[in-house]
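Can you read through this structure? Questions will come right after.
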Amino acid sequence: MDNSTYVALSLAQSMRRDLDVTSNNIANANTVGFKGEHIVFESYMHRGGAENAGSEISFVAETGSFTDDSQGPLTQTGNALDLALLGKGWFSYRTDQGETAYGRDGRFTLDTEGTLVTLTGAKVLDTGGGEISIPPGAGDLEIARDGTISSSIIGPIARIGVFDLPDLQAYERLGNGMLARPQGAGVSMPPPATRTEVVQGSIEGSNVQPVAEMTRMMEIQRAYERAINLMNDGDGLRRDTLARLGRLG
């Protein structure tokens, strides 16, 4: 393949990856606590050899993705165990596989043993990384802005852990809006969030803007089509050249 084909191929591969991420954002536009993801691209310059007279060729290179941690809209539910976060902090959970994960989905409930869990069954953790249990007969629960759970009957019970993730962009997505540290990054707890408030009786919606993502998807599709057309045009020129050479021979 000539250089134009390689350039078009790099663009097509990058646009396909961007299309997958954008489609996932759109699919989660109504997912509670979901944070959008975006691809980062760079131009990779390659200096051609003697056959290209030292000319530079620019390829499209994907350098990774980043999580958009902007605030999502809050919706009041009136449910005492629905919690939203105002700020950059993250709830901490323990998944069924025993892995520590972080997310912004605050739709909590109590399991049969009185443990505070998410709707998917993950255990909600306190500031020390332990599970939170609500004693029987605790009555109505009040949750303060700092995450402290209290009962008018027995007083303070626990404090929900809310943490800052300074290395957020290195975290891996697990599904259900959860993130986890990459393997080998250690198990130490991140620092507690100092500028995040817990809002009882509300949930945070996704920060994905569907109209913007749909517009981006159409732009990606057009760029992908241009790359495919460029490769097809290159193949057509080569076939035409070989056919003419064959006739001359």
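The values are calculated or read from the model by the stated rules, or taken from the named source; none is laboratory data. Predicted, not measured: the structure shown is a model, and the values here were computed from it. Here the Cβ is made from the backbone with ideal geometry for all residues, glycine too, and neighbour counts use every protein chain on show. We work out accessible area using only protein heavy atoms, side chains counted, and drop any ligands, DNA or RNA first. Shrake-Rupley method; radii C 1.70, N 1.55, O 1.52, S 1.80 Å.
In the neighborhood of Ile132, defined by Cβ-to-Cβ distances under 13 Å, what is the net charge if each Lys or Arg adds +1 and each Asp or Glu adds -1?
Neighbour charge sum, excluding Ile132 itself: -1.
List, in order, the whole-Hz ³J(HN,Hα) value for each residue of region 93-103 obtained from phi through the Karplus relation with A = 6.51, B = -1.76, C = 1.60 and θ = phi - 60°; use x for Gly and Pro.
Coupling constants for region 93-103: 10, 10, 6, 4, 8, x, 8, 7, 10, 10, x Hz.
Also: Where Lys and Arg each count +1 and Asp and Glu each count -1, what net charge lies around Pro166 among other residues with Cβ under 15 Å from its Cβ?
Taking every Cβ under 15 Å from that of Pro166, the sum is 0.
Would you check the accessible area of Leu230, probe 1.4 Å, heavy atoms only, in square angstrom rounded to 10?
Approximately 80 Å² of Leu230 is accessible to the 1.4 Å probe.
Beyond 16 Å, how much of the Cα-Cα pair distribution for region 158-215 remains, as a whole percent?
The answer is 64 percent, as a whole percent.
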